[in-house]
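Data block below; observations after.
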Amino acid sequence: MPNRFTRAVSMLAGLVLAGSGLAVVNAAPAAANVEDCPKGYFCGWTGKDVTGSMWKTNKNVADLGRWADDIHSYVNRTSKEACLYGARNYDKSSYLWSVERGDAEDYAYYGDISSVIRSISFVQDRHECNVRDYPNWMSLPTSATPDFGDLNGDGRADVISRDRAGGLWFTPGDGTGRLIGTGGWNAMNALTRHGDFSRDGREDVIAREASTGRLWLYPGTGTGALGTRKLIGTGGWNAMSKITAVGDLTGDSRSDLVAVEKSTGRLYLYPGTSTGTLGSRKLIGTGGWNAMNALVGMGDTNGDGHPDLYAREASTGKLWLYPGRTSALDSRALIGSGGWNAMGHLFAVGDFNGTDAPDLVAVTNESFVIDGWSDNPGWLINYLGRGDGRLESAWRYTNGWWGFTDFC
C-alpha cells in the first residue's frame with residue numbers, strides 16, 4: 001500500500017553498480033532509504049518496506065529476470081506513469097497496476113508487494129498501460145449521405161481523439177484506429193469539426209493555437225487523414241471560448257462556426273466563405289453565453305432543415321436545445337434536466353446508429369456515478385437522437401476513453 005514520503009533537505013547516498021540503465025544498491029534496512037532512489041528512476045527493493053537490495057531503472061524493461069520475484073516494495077520517481085505487468089514484454093493481458101509519477105519533493109512508496117512483476121514500461125498517461133492506444137468506437141452506416149461526421153467516406157460516423165502525449169487518433173467506426181497526428185496537438189486548446197470548410201467535398205478540422213490565438217484549418221483528405229494546414233484566423237481567437245463548428249447556419253451551403261466572446265458572453269456566428277476562410281462575424285446571442293460550459297454543433301436534430309446547437313448550463317448541469325434558423329438561433333428548449341456536468345466531454349459526430357437522426361456522444365468525468373459510486377471517468381455514453389430535437393435515454397457503451405484530452 002502507498003506511503004507518502006517528503007524528501008529531506010540532504011540526500012542519502014548508496015553504492016550504485018551501474019549498467020545499461022539498471023543498478024543494484026546495497027541499502028541499509030530503514031524506510032528512509034526511499035531517498036536512495038535517484039530522481040528520474042523507478043526503484044524496487046527486496047524487502048517489503050524499502051529495505052534490502054535495490055534495483056532501479058529509467059527505461060522500459062521487457063524482462064526483469066530474477067528480479068521479477070524479488071521486488072517487494074518500490075517507488076516511482078520518474079516523470080511518467082509506470083505500468084507493471086505480470087508477464088514479459090508488456091503483455092497488456094497481464095497488467096497489474098500503474099504507479100503514479102513522482103516529483104522531487106513529494107512522492108509515494110509502496111510496500112508489502114507479493115505480486116510477480118516481470119516487465120515495466122513508462123507512459124505519459126496510465127490509460128496506455130492496459131488499453132489500446134485509441135478508444136473503442138463503433139458506428140453503423142447511415143442510409144443517406146451524412147451531412148457531417150464521416151472523414152473517410154465510408155458512410156460511418158468517425159471520431160478524432162487527442163491523447164495526453166499530443167497524438168491525434170482517427171477511429172472510423174469499425175473498431176479500428178490509427179494515428180493521424182504524431183505529436184504537437186497539445187499546442188491546440190480547441191478542436192472542432194462539422195462539415196466541409198475548404199470546399200473540396202471532404203470534412204475538415206479546425207484548431208486554435210494556444211500560444212498565438214491563431215485559428216488553423218486542417219483539410220480532410222477523404223481517407224481519415226488531414227492535409228497541410230491553412231491559417232484562417234491570424235490572431236485574437238484566445239478572446240473567444242467554446243469555438244464550435246455548427247454546419248450551414250447561414251443557408252448558403254457552406255459550413256459555419258460559432259464562438260463565445262469571453263469578455264461579454266456574446267455569441268458570434270462566423271460564416272464560411274467560398275475560399276475556405278471565415279467571413280465577418282455576426283452577433284447571434286446578445287449575452288449570457290458565459291453561463292454555458294459546453295456547446296455542441298449537432299446538425300439538424302428536429303428535421304426543419306436548419307442545424308441546431310446544444311448548450312450545457314454550468315450552474316445547473318442542464319442541457320438546452322437552441323434550434324437553428326437562417327443565421328440565427330430560436331428560443332431554447334430544455335432537453336436535459338440535470339446531471340450533465342458529470343460529462344467531461346460532449347461532442348457530435350452525426351448519426352452513428354443508422355437512423356439518419358444526429359446523435360450525441362459523451363465521455364464521463366470523475367463525478368459520474370455507477371451503482372452509487374462516483375469516480376468513473378472515461379465511460380463512453382451514447383445518446384440517440386429522436387428526430388424532434390430531443391434525445392433518448394443514456395446508453396452506457398464502454399469504458400477506456402479516459403486519458404484523452406479532447407474529441408471531435
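Quick one: which strands (runs of 3 or more DSSP E) sit completely within the range 289-408 and have at least 1 residues that are over 30 Å from residue 133 (Cβ atoms), more than 20 Å from the chain's Cα centre (by Cα) and among the hydroxyl-bearing types (Ser, Thr, Tyr)?
On the way: elements: 292-299, 308-313, 319-322, 333-336, 343-348, 360-364, 380-383, 395-398, 404-407.
Strands (runs of 3 or more DSSP E) meeting the threshold: 319-322.
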Seminar exercise, completed: Looking across the range 149-168 at residues that are under 13 Å from the mean Cα position of the chain (by Cα) and among the small types (Gly, Ala, Ser), the single one that is surrounded by the most Cβ atoms within 10 Å (Cβ to Cβ) is 161
Seminar exercise, completed: Taking first residues from the range 327-339 that are more than 20 Å from residue 250 (Cβ to Cβ) and without any contact (Cβ under 8 Å) to a residue 60 or more places away in the chain and second residues anywhere that are among the polar types (S, T, N, Q) and surrounded by 15 or more Cβ atoms within 10 Å (Cβ to Cβ), the pairs with Cβ under 8 Å that are 6 or more apart or on different chains are 338/316
For this session: List the number of the failed condition for residue 171; all other conditions in (1) surrounded by fewer than 14 Cβ atoms within 10 Å (Cβ to Cβ); (2) in contact with a Gly (Cβ under 9 Å, 6 or more places away or on another chain) hold.
Result: (1)
For this session: Would you mind stating whether residue 242 is open to solvent by 10 Å² or more (accessible area, probe 1.4 Å), over 22 Å from the mean Cα position of the chain (by Cα) and touching a residue at least 12 places away in the same chain (Cβ under 8 Å)?
Result: no
Problem set entry | Residues located in the range 18-58, provided they are at pLDDT below 70 and not hydrophobic (A, V, I, L, M, F, W, C) | 19, 20, 21, 26, 29
Exercise. Hey, residue 106 hits all of (1) farther than 25 Å from residue 244 by Cα; (2) at pLDDT 85 or above but one; which does it fall short on?
Worked result: (2)
Seminar exercise, completed: With criteria (1) under 22 Å from residue 158 (Cα atoms); (2) open to solvent by 30 Å² or more (accessible area, probe 1.4 Å); (3) at pLDDT below 95; (4) part of a loop (DSSP other than H, G, I, E, B), residue 195 comes up short on (2)
For this session: Could you tell me whether the range 296-304 includes any residue that is buried (at least 16 other Cβ atoms within 10 Å of the Cβ) and free of Cβ contacts under 8 Å to residues at least 40 places away in the same chain?
Result: no
Exercise. Looking at (1) hydroxyl-bearing (Ser, Thr, Tyr); (2) closer than 19 Å to residue 193 by Cα; (3) surrounded by fewer than 21 Cβ atoms within 10 Å (Cβ to Cβ); (4) modelled with pLDDT of 95 or more, which is the only condition residue 310 fails?
Worked result: (3)
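Determine if the range 256-269 includes at least one residue that is of a type outside the set (A, V, I, L, M, F, W, C), crowded, with 22+ Cβ neighbours inside 10 Å and either modelled with pLDDT of 95 or more or not in a loop (DSSP other than H, G, I, E, B) (or both).
Of all residues in the range 256-269, those of a type outside the set (A, V, I, L, M, F, W, C) come to 256, 261-266, 268.
Those still in the list that are crowded, with 22+ Cβ neighbours inside 10 Å too: 256.
Subset that is either modelled with pLDDT of 95 or more or not in a loop (DSSP other than H, G, I, E, B) (or both): 256.
Looking for residues that are of a type outside the set (A, V, I, L, M, F, W, C), crowded, with 22+ Cβ neighbours inside 10 Å and either modelled with pLDDT of 95 or more or not in a loop (DSSP other than H, G, I, E, B) (or both), one finds at least one in the range 256-269, hence yes.
Under the condition of being more than 11 Å from residue 110 (Cα to Cα) and not aromatic (Phe, Trp, Tyr), which residue from the range 33-46 is most open to solvent (accessible area, probe 1.4 Å)? Before you say what the answer is, go through the steps one by one.
So in the range 33-46, the residues more than 11 Å from residue 110 (Cα to Cα) come out as 33, 35-42, 46.
After this cut, where a residue has to be not aromatic (Phe, Trp, Tyr) as well, the list is 33, 35-40, 46.
Details: 33: 14, 35: 8, 36: 19, 37: 0, 38: 34, 39: 137, 40: 32, 46: 51 Å².
Going through the qualifying residues, I end up with 39.
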Problem set entry | Number of the exception - residue 272 against (1) out of contact with any helix residue (DSSP H, G or I) (no Cβ under 7 Å at 6 or more places or on another chain); (2) free of Cβ contacts under 8 Å to residues at least 40 places away in the same chain; (3) farther than 19 Å from residue 347 by Cα | (2)
For this session: Return the total of residues in the range 109-150 being within 30 Å of residue 68 (Cα to Cα), touching a Gly at 6+ places or on another chain (Cβ under 8 Å) and at pLDDT 90 or above.
Result: 4
Exercise. Applying the selection to the range 210-221, what residues are open to solvent by 30 Å² or more (accessible area, probe 1.4 Å) and touching a helix residue (DSSP H, G or I) at 6+ places or on another chain (Cβ under 7 Å)?
Worked result: 210, 211, 214
Problem set entry | Only listed residue being open to solvent by 30 Å² or more (accessible area, probe 1.4 Å), closer than 24 Å to residue 93 by Cα and of a type in the set (Gly, Ala, Ser), chosen from 119, 114 | 114
For this session: Quick one: which residue in 379, 402, 320, 373 is touching a residue at least 60 places away in the same chain (Cβ under 8 Å), open to solvent by 20 Å² or more (accessible area, probe 1.4 Å) and of a type in the set (Phe, Trp, Tyr)?
Result: 402
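Matching residues to (1) of a type outside the set (Val, Ile, Thr); (2) within 22 Å of the chain's Cα centre (by Cα):
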site	(1), (2)
224	yes, yes
228	no, no
238	yes, yes
250	no, no
270	yes, no
286	no, no
Problem set entry | Test for residue 204: is it under 18 Å from residue 347 (Cα atoms), over 17 Å from the mean Cα position of the chain (by Cα) and not basic (Lys, Arg) | yes
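The values are calculated or read from the model by the stated rules, or taken from the named source; none is laboratory data. Remember, predicted model here, so these are calculated numbers, not experimental data. As a convention, Cβ positions derive from the backbone with ideal geometry for all residues, glycine included, and neighbour counts pool all protein chains shown. These accessible areas exclude ligands, DNA and RNA; they are computed on the full protein's heavy atoms, side chains included. Shrake-Rupley method; radii C 1.70, N 1.55, O 1.52, S 1.80 Å.
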